[in-house]
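S.K.: Sending over a structure as structure tokens; questions will come in a sec.
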Amino acid sequence: DFGYDVLSFSSGSTYTRSVDMSGIAAGTKNISFYATDAAGNTSSTCAASFTLLDTSDPAIVCTLGSSSIANNSGSTTLDCVVSEETGISSVSYSGFGNGSLTATSSTDYSVILTSSSSTAADSYTIPVTVTDTSSNTDSYSVTLAVTDGTAPTIDSVYTLVDGASSSTLLDDATQSFE
């Protein structure tokens with residue numbers, strides 16, 4: 001609502017009014033004008049419309065359930081809270097794979113990040129970007145440490161005895177040593 005003004009001016013005059021738009025939601029707005037003369041005669045209504053654009057960035061803050069996981073199927077939850085007046089178009093991440101977070105409420109978004117045995121033990125910076133329905137964006141980054149959680153393996157054990165070559169496999173139970 002932009003209020004109501006009564007103006008007094010002579011024929012052919014121009015009127016300009018500034019309107020504080022803070023707190024008014026983005027979108028198409030309609031406004032109507034009419035004139036009343038000194039005799040009380042009222043003109044027909046003249047209507048105009050304009051679009052108030054959303055130029056404000058959304059806001060995002062994210063946390064990890066755990067800031068460190070092992071590289072053998074360790075996992076943690078990436079949770080984000082967003083705020084935006086006009087609506088969220090997407091919340092996405094990169095840096096540890098790529099993907100989208102799922103809305104768990106109108107302001108909360110979440111995804112489970114899982115490593116595998118092929119995930120390198122390293123520190124990963126994961127930027128998360130929120131985009132609103134007017135294409136305004138904001139980003140927030142978290143850091144995830146992936147540790148080496150894969151146990152070493154031994155394929156086989158070889159025993160070499162006096163003069164045996166490495167291509168000769170010997171059974172330990174049949175060997176005698178003096």
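S.K.: Tell me, in nm to one decimal, what length is gained between residue 139 and residue 116 on full extension, where the rule is 0.36 nm per residue of separation less the Cα-Cα distance?
M.R.: Extra length available between residue 139 and residue 116 comes to 5.6 nm.
S.K.: Put a dot 7 Å past each Cα toward the Cβ at residue 31 and residue 16; how far apart are the dots in nm?
M.R.: It is 1.3 nm.
S.K.: Further question: How big is the shadow of the Cα convex hull of region 72-135, averaged over all directions, in nm²?
M.R.: Numbers: hull surface 18.0 nm².
Convex hull of Cα atoms, orientation-averaged projection: 4.5 nm².
S.K.: Here's another thing I want to ask about it. Measure off, as a whole percent, the carbon and sulfur share of the 1.4 Å-probe accessible area of region 8-111, all protein chains present.
M.R.: Ligands and nucleic acids excluded, carbon and sulfur reach 48 percent.
The values are calculated or read from the model by the stated rules, or taken from the named source; none is laboratory data. Treat the numbers as computed from the prediction; the structure is a model and nothing was measured. Glycine gets a Cβ as well: all are built from the backbone with ideal geometry, and neighbour counts include every protein chain shown. All accessible areas refer to the heavy atoms of the entire protein, side chains included, with ligands and DNA or RNA removed. Shrake-Rupley method; radii C 1.70, N 1.55, O 1.52, S 1.80 Å.
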